[in-house]
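Asks: Starting off with a structure, shown below.
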Amino acid sequence: MIVVSCIGQKGGGSKSSTARTLAVGFTDAGWKTHLGDLDEKQQTSIQWCKRREDAGLSNIDCGLYRRVDTAVKMKAQCDLLILDGRPAAETTSLSIAIESDLVIISTGPTIDDLQPSLELCRELIQKGIPMERLVFLVAKTPSLAEGKKAQATIRAWGFTVLNSTIRFQPAYGQALDAGRALFETPFKTLNDEARAMVEEIHDIINA
Ligand SMILES: Nc1ncnc2c1ncn2[C@@H]1O[C@H](COP(=O)(O)OP(=O)(O)OP(=O)(O)O)[C@@H](O)[C@H]1O
Ligand SMILES: [Mg+2]
C-alpha cells in the first residue's frame, strides 16, 4: 500500500527507467508491485513491459492510466504502487506527489538539468508536500565525479539526494531496449550501481 513516484521537470531525465528498475527490484524481492504508467502519449513503461514479456523475462504487473486518481486506486491491490510520471507536467507532478509516500525526482548532473529540478522540488514544498517525502536521484551522469558534484549542489539547496548515482552508459540503454531493468545488464559494476539505488529506496520506505 506504499506509493512511490518517479517525476522530473525535464524530458528524458530517467523517470521511466527508475520506475521500471524499481518495479523489477521489488517484484523480485517478493513485493506485490504494480507499475502505473501515467504517460499516455509515450507509454514507455507499458511498451517496455511488452518487450520484457516477449523476451521471456519475469513478469511485471503494469497498467496505463490517463488520470492519477485512477492509477492510485491500484494501491489497494498491491504492496507497492510505482508511478511513472510525465515530462514537463507541473500539475500532474503535484497531484502525483500528493498521493505518494515517496517522490523520486530524477535529474541529470548539469546546471541545465539541475536548475529546473530544484525549482520543481521547491514548488512542491511550497504547495504543501512534506520535504521528507522528496528525494533526488542523479541519473545519466557522464561520470561518478560529475554525479558527486550534482549531489553536493542538491544538498546545498537543503534537499535530500540518494547516495547512489546512475551513470550514462550505453549498456543501460541496451538493457532497457531489451525489456530489462538497469541492474540486468551483462556488467556487474553497472548492475551493482543500479541495485544500490533500489536498495536505498527499499531502506527509505522500510524505515
Ligand atoms: N543511465 C542511462 N544510460 C544510458 N541511457 C539511459 C540511461 N537511463 C535511461 N536511458 C535512456 O534514456 C532515455 C530516456 O530515459 P527515460 O525514458 O527513463 O526518461 P524519462 O524521464 O522517463 O523520459 P520522458 O520525460 O520522455 O518520460 C531512454 O531512451 C532510456 O533508454
Ligand atoms: Mg518517461
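Coordinate-derived values only; no laboratory data. Just so you know, these numbers come straight off a predicted model, no measurement behind them. Note that each Cβ is placed from the backbone with ideal geometry, even for glycine, and that neighbours are counted across all protein chains shown.
Asks: Determine the calculated [θ] at 222 nm for the chain from helices alone, applying -39500 (n - 2.57) to every DSSP H run no shorter than 4 residues and normalising by the residue count; nearest 500 deg cm²/dmol.
Replies: Values: 8 runs with 95 residues, N = 207.
Theoretical 222 nm ellipticity from helices: -14000 deg cm²/dmol.
Asks: What's the exposure ranking of L38, L124, going from fewest to most Cβ atoms within 10 Å? Could the numbers behind the result be given before it?
Replies: Values: L38 27, L124 23.
Ordered by Cβ neighbours within 10 Å, fewest first: L124, L38.
Asks: Given a Förster distance of 25 Å, report the FRET efficiency between Q174 and I98 from their Cβ-Cβ distance, rounded to the nearest 0.05.
Replies: Values: r = 36 Å, r/R0 = 1.43.
The computed FRET efficiency comes out at 0.10.
Asks: Count charges around V135 for me, please; just the other residues with Cβ under 14 Å from its Cβ, Lys/Arg as +1, Asp/Glu as -1. Show your work: numbers first, answer last.
Replies: On the way: positive: K15, R133, R155; negative: D101, E132, E199, E200, D203.
Overall, the nearby charge balance is -2.
Asks: Relative to the Cα centre, what is the charge dipole magnitude of the chain, using +1 at the beta carbon of each Lys and Arg, -1 at the beta carbon of each Asp and Glu, and rounding to the nearest 20 debye? Walk me through the numbers before you get to the answer.
Replies: Details: 24 positive and 26 negative charges, 43 e Å.
For this selection, approximately 200 debye.
Asks: Measuring from label point to label point, each 7 Å out along Cα→Cβ, what is the A76 to M131 span in nm?
Replies: For the pair A76/M131, the computed spacing is 3.6 nm.
Asks: Related question: How far apart, in nanometres, would the label points at D192 and N59 be if each is projected 7 angstrom from Cα along the Cα-to-Cβ direction?
Replies: Result: 3.4 nm between the two label points.
Asks: Can I ask one more? If exposed means no more than 11 neighbouring beta carbons inside 10 Å and the site is in a DSSP loop, what's the longest run of the chain without any exposed trypsin sites (Lys or Arg not before Pro)? Walk me through the intermediate numbers first.
Replies: Working: sites that count: K41, R66.
Counting only loop sites that pass the neighbour cut-off, the longest clear stretch is 67-207.
Asks: Still on this structure: Given the convex hull of the Cα atoms of the chain, what is a quarter of its surface area in nm²?
Replies: 10.2
Asks: How much length is gained if the chain between I205 and E40 is pulled fully straight, taking 0.36 nm per residue apart and subtracting their Cα-Cα distance, in nm to one decimal? Don't skip to the end; give the middle numbers.
Replies: On the way: separation 165, 0.36 × 165 = 59.40 nm, distance 2.74 nm.
Length gained between I205 and E40: 56.7 nm.
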